[in-house]
Amino acid sequence: MSFSIEGASFLRDGRPHRILSGGLHYFRVLPQQWEHRLGMLRAMGLNTVETYVPWNYHEPRPGQVARLAELTDFLDAAAGLGLDAIVRPGPYICAEWDNGGLPAWLTARVGRRIRSADPDYLEAVDAWFDRLIPLIAGRQVTRGGNVIMVQVENEYGSFGSDRAYLRHLADGLARRGIDVPLFTSDGPDDFMLTGGSLDGVLATVNFGSDPESALAALPAGRPRMCMEFWDGWFDHWGDEHVTRDPADAAGVLDRILASGASVNLYMAHGGTNFGTTAGANLGGAHHDGAFQPTVTSYDYDAPIDERGAATEKFRLFRDVLRRHGAAPTEPPPLPSLLPPARLPVSDQAPRYDGPRAHHPFPPTFDELGVTHGLVSYRFQIPGPRAAQPLTVDGLHDRAHVTINGEPAGILERDGVTSLDVTGPATVELLVESMGRVNYGPRVGEPKGIAGGVRHERQYVHGCTTYVMDLESPRPQWESSEAQPVTGPAFFRFRLATAEPGDAYLALPGWGKGYVWVNGFGLGRFWDRGPQRTLYLPWPLLRRGDNEIVVLELDGRRTGAVEITDRPDLG
C-alpha cells in the first residue's frame, strides 16, 4: 500500500486519487461516539478523516504523557471503517483550542520564544515528538495503516518567519519515520504562503470562499488542496451565533471539486470543548484587540451537528460529493434523546479554598502551576487612608471582588478593572481564566494577574493565594433546605435515567459558571450567550441515578436546571 505525489496528482496505490476529507477531532468527541461520527463521514461520501493532536491534552504537566492511546485507537477505528487519515501533530494547532494546543507549562517557561528555533522550545518539542510521532508513523499506509499525509506545524505563515524552525520540524518528522507526504497549510495570501511553506513540502491553502483565486495561489505542477474549507464558524461568548447558508457552502464545495482539487471540510463534525479546553481570540485585524473567549460548543455549524445528526448542509454536501464521484453510505442511527425534565437542587455547598501560599507580589496562574481554575488573591490595604482606586493591571480574565467580606463588584479584562477602596480593608480577588489565546501574536500569554495590584499608584505587596482546581472539585455538601449559600457556590442535582441517552442541559436564570456530570467536566456556561444549552452526551450517563454539579459564580441562581431535547446555540 502506498500514497505519494507525482506531478500534480495524488497517487493511492499507484492510481490517481482525490482526497475527500472531513475534520473530526477525537479529543472533542467521547471515544464511545467515534464509530458513529466516523460512520457519518462515510455516509456523507468522504474517504478520509483529518485530526489535530493537542499537545496540552496529552502532556498537561512536564513529562506526564497520557491518553495517547486515544489517538491510536481513533486512527484504528477510522481504518476499520475504510477511512484514510490526515494527521496534524503541531506542535501548535490553533483549532480554537486552549493555548493553540501548546502546554501552559511550556509557554510559561519560554514565553515569546515559542514557535521558533529557540533551543529550549525545540528541546521540549523534540521530547514530545519522540513519544508521539512513532505512533503515527506506525499507522501510515506504507506500514499497513491508513495515515496518508502529515502536517508540518500549522498556519505558520500567519505567525512567524523562522524557516529554520519549520525545517527542523520537517526533518524531525522524517527522521522519526514519517514517509508519507508532508504538507503545510496556510491562508492564500502571499505573505502567509511564503512564510509558512517549505521547499520539498506540499503547500495547501485554507479558505471559506473564492476557491478559484485561493487555489491559484498554490505553486503550479503540484496537487491542489484546500486543507481547511471553512463550511461554518465558531462562536465567542457575548457575540451572535454564527451560521453559514447551506446552499452557499455547498456551492463553494462544488466549485472546489469542479476545479479538480482535493478538499478537507473544516469541520465535518465539530464536537464539544469539554471542561476548560475552549480557547480564545483577540479582536481586530491584527488579533491584538479585545479578548474574545470561545464558547463550550464547537458545533461550528458543521454538516454533522454537535450531537452527530445530519443537517441540511450534510444533505447538500452529500449531493455535491456524489456528483463528483463519491459513494455515500447510509447514515448510522443516532441514540435516543432523554425526555425533558426539570431538576430541583438537591444539595448545596459554599465555595471552598484550596491550597494556600503567601507571596510578596501576586503571582500569575502560570507561576502557581495552574492551567485553569479559580485563584483567590487576598490583600490587606493599610490605613487609615482615603478612598483610592484599587486597580488590577493585566487581569486575565475576570475577578469577583469582596471588601471586608462583602461583595463589591466584578472586574473584567477589557472592561472595568478598578474600584474605589478605603483603608484599612481586606480585599479578595477571586480570579477566573476564560481560555488561553489560540491564534495570533499573543498565544502563550499568562493567566491570573499578569501585571500587579495598585492602590492609586502604589503597588499592593503581600498576598495570600488559594487555588481551586476545576478538574475535580470537592465541595462539602449540605442539604438544599439549609441556610441558602451566598456568593460563588456549588449546587447538586439528581438525574434518574432508565437508559442513557443524549440530552441538552439548560440553566435558565443562572449566571456564569461550570458544570460537571458524574465527575466529568461538561464545560462553561454564561448567560451572556449566545450558547444557552450544553450538549450532554449519552456515554456520560448511567442507568439509575446521575449527579450534575453546577458551580455558579455570579450569584444569579434559580432552584432548578432543565433537561431538554433540543439545542439552543443562540
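Read-outs throughout are calculated quantities, based only on the coordinates presented, and are distinct from any laboratory measurement. What you see is a predicted model; the values in this text were computed from it and never measured. FYI the Cβ positions are ideal-geometry reconstructions off the backbone, even for glycines, and counts take in every protein chain you see.
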**Complete:** For the chain, averaging the sequence separation of alpha carbon pairs under 8 Å that lie six or more residues apart and dividing by its residue count, the contact order in percent is 15 percent
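If you take the beta carbon distance between Ala220 and Glu35 as r and set R0 to 41 Å, what does 1/(1 + (r/R0)^6) give as a FRET efficiency, to the nearest 0.05? Intermediate results must be reported in sequence, preceding the final value.
Details: r = 41 Å, r/R0 = 1.00.
Approximately 0.50, to the nearest 0.05.
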**Request:** Compute the signed sum of charges (Lys and Arg +1, Asp and Glu -1) over the other residues within less than 13 Å, Cβ to Cβ, of Thr426.
**Result:** -1
**Asked** In which sequence would Thr364, Thr204, Thr533, Thr422 go, from the one with the fewest C-beta neighbours within 10 Å to the one with the most?
**Response** Thr422, Thr364, Thr533, Thr204
**Prompt:** So what's the back-of-envelope 222 nm ellipticity for the chain, counting only DSSP H runs of four-plus at -39500 (n - 2.57) apiece and dividing by all residues, rounded to 500?
**Reply:** -5500 deg cm²/dmol
**Prompt:** Between Arg255 and Ala285, what is the FRET efficiency for a Förster distance of 25 Å, r being their Cβ-Cβ separation, to the nearest 0.05?
**Reply:** 0.40
**Pairwise centroid distance, computed over Cα atoms, of the range 265-330 with the range 219-236, Å** = 13 Å
**Asked** In what order do Met468, Met267 fall by count of nearby beta-carbon atoms within 10 Å, going from fewest to most?
**Response** Met468, Met267
**Message:** For q values of 0.12, 0.14, 0.17, 0.19 Å⁻¹, compute log₁₀ I(q)/I(0) with the Debye formula on a Cα-only model of the range 439-570, without solvent.
**Reply:** -0.61, -0.78, -1.02, -1.17
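Around Asp347, what is the net charge, scoring Lys/Arg as +1 and Asp/Glu as -1 over all other residues with Cβ under 15 Å from its Cβ? Write down the numbers at each step before the final one.
Details: positive: Arg351, Arg474, Arg492, Arg494, Arg557; negative: Glu478, Glu481, Asp545, Glu547, Glu552.
Overall, the nearby charge balance is 0.
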**Request:** Can you tell me how much longer the chain between Arg356 and Thr426 gets when fully stretched, taken as 0.36 nm per residue apart minus their C-alpha distance, in nm with one decimal?
**Result:** 23.5 nm
**Prompt:** If Lys and Arg each add +1 and Asp and Glu each add -1, what is the summed charge of the other residues whose beta carbon sits under 13 Å from the beta carbon of Arg131?
**Reply:** -1
**Request:** Would you mind giving the average projected area, over all directions, of the Cα convex hull of the chain in nm² with one decimal?
**Result:** 25.5 nm²
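Suppose the chain between Glu123 and Arg67 were pulled fully straight at 0.36 nm per residue; how much longer would it get relative to their current alpha carbon spacing?
Numbers: separation 56, 0.36 × 56 = 20.16 nm, distance 2.18 nm.
Length gained between Glu123 and Arg67: 18.0 nm.
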**Prompt:** What list of ³J(HN,Hα) couplings, whole Hz, do you get for the range 380-388 from phi and the Karplus terms 6.51, -1.76, 1.60, once you set θ to phi - 60° and write x for glycine and proline?
**Reply:** 10, 8, x, x, x, 8, 6, 4, 9
**Item:** Centre separation in Å (Cα based) which lies between the range 519-570 and the range 40-106
**Value:** 26 Å
